[in-house]
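Asks: Could you have a look at this structure, given as structure tokens, before my questions?
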Amino acid sequence: MTRMHLLRLKMPQQMKTSSPAENKDFYTAGGLHVYFKDQLLNNDIDPERVIAKVEGTLPAHLRDEIDTIIFGHFDEFEERNINAFYDSGALYISNVQHDEADLYDDVIHEISHSLEVPYGYDIYGDQKVKKEFLRKREHLYNILWKEGFKYPKSAFLDVEYDKEFDTFLHQEVGYEKLSNLLTGLFISPYAATSLREYFATGFTDFYLYPNHGALKKVSPQLYNKLLYLYDPKRT
């Protein structure tokens, strides 16, 4: 499992597939309804095991916004070049997955987006995460400029997602090159695309790599917020 956390659209021909087996809807121990609009293409994945791991890892209060997980293929995946999203209490997860680690990553990442409304002030209210993100964006601008990749500086100072800027990073620069250039600056190239993804990739990393060494070093302000979200009563 890499640290890139790229929730880019996955094509079936890129995945390991096997003889289809019926995935049946189920309820989890935590009360989540898991529904299969379309069957998982990789029969080696046990979705019940993956979701049980999620419920065993994330504190219950961080799962309160989710009541349903729906597997399948959705038009939004093609339109937005993604493979998972959160909307109104539901996680929409692609039925095309590499393996269980890949699925676990996607679920954790999308749960993070469900927290930005109920915990928005706690995450962003004091501006510390935003300022940390923008400092990194300015550094990214200087790095890319020296490498010959020119793009308006104003885009680097905009914390919102911008499709054209994302295309510039994803296609013109390329995430593989970004990954090399941004070592020690962002936890992953995808973290540089917007403030929301900066938070979401950090949240995902927090629960994928429990020693937290890299995250704490690379994004200390974000790390402090994630510690607070893990146990708000501790501070």
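Asks: Just to verify a result, which residue in the range 218-235, among those that are touching a Phe, Trp or Tyr at 6+ places or on another chain (Cβ under 8 Å) and in a loop (DSSP other than H, G, I, E, B), is surrounded by the most Cβ atoms within 10 Å (Cβ to Cβ)?
Replies: Ranking the candidates gives 219 first.
Asks: Search the range 143-175 for residues being charged (D, E, K, R) and closer than 20 Å to residue 124 by Cα, and hand back the single one that is surrounded by the fewest Cβ atoms within 10 Å (Cβ to Cβ).
Replies: By that ranking, first place goes to 160.
Asks: State whether one or more residues within the range 148-168 are among the polar types (S, T, N, Q), touching a Ser or Thr at 6+ places or on another chain (Cβ under 9 Å) and over 26 Å from residue 92 (Cβ atoms).
Replies: No, the range 148-168 contains no residue that is among the polar types (S, T, N, Q), touching a Ser or Thr at 6+ places or on another chain (Cβ under 9 Å) and over 26 Å from residue 92 (Cβ atoms).
Asks: Of these, 7, 41, which one is crowded, with 18+ Cβ neighbours inside 10 Å and modelled with pLDDT of 55 or more?
Replies: Result of the check over 7, 41: 41.
Asks: Looking only at the range 54-89, count how many residues are assigned to a strand (DSSP E or B) and surrounded by 14 or more Cβ atoms within 10 Å (Cβ to Cβ).
Replies: Selection size over the range 54-89: 8.
Asks: Looking at 195, 215, 178, which one is at pLDDT below 95 and surrounded by 18 or more Cβ atoms within 10 Å (Cβ to Cβ)?
Replies: Of 195, 215, 178, the one residue that is at pLDDT below 95 and surrounded by 18 or more Cβ atoms within 10 Å (Cβ to Cβ) is 178.
Asks: Related question: Just one of the numbered conditions (1) in contact (Cβ under 8 Å) with a residue 60 or more places away in the chain; (2) in a helix (DSSP H, G or I); (3) closer than 26 Å to residue 82 by Cα is not true of residue 131; which one?
Replies: Checking residue 131 against (1) in contact (Cβ under 8 Å) with a residue 60 or more places away in the chain; (2) in a helix (DSSP H, G or I); (3) closer than 26 Å to residue 82 by Cα, the one that fails is (3).
Asks: OK, next. Only one of 78, 100 is touching a residue at least 12 places away in the same chain (Cβ under 8 Å) and closer than 28 Å to residue 167 by Cβ. Can you tell me which?
Replies: 78
Listed here are the residues, each with its yes/no results for (1) under 21 Å from residue 208 (Cβ atoms); (2) free of Cβ contacts under 8 Å to residues at least 12 places away in the same chain; (3) not hydrophobic (A, V, I, L, M, F, W, C); (4) not assigned by TED's automatic domain parsing to the domain that holds residue 169.
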{"position": "25", "(1), (2), (3), (4)": "no, yes, yes, yes"}
{"position": "32", "(1), (2), (3), (4)": "yes, no, no, yes"}
{"position": "46", "(1), (2), (3), (4)": "yes, no, yes, yes"}
{"position": "63", "(1), (2), (3), (4)": "yes, no, yes, yes"}
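The values are calculated or read from the model by the stated rules, or taken from the named source; none is laboratory data. Predicted, not measured: the structure shown is a model, and the values here were computed from it. In this analysis, Cβ positions are derived from the backbone assuming ideal geometry, glycine residues included, and neighbour counts consider all displayed protein chains.
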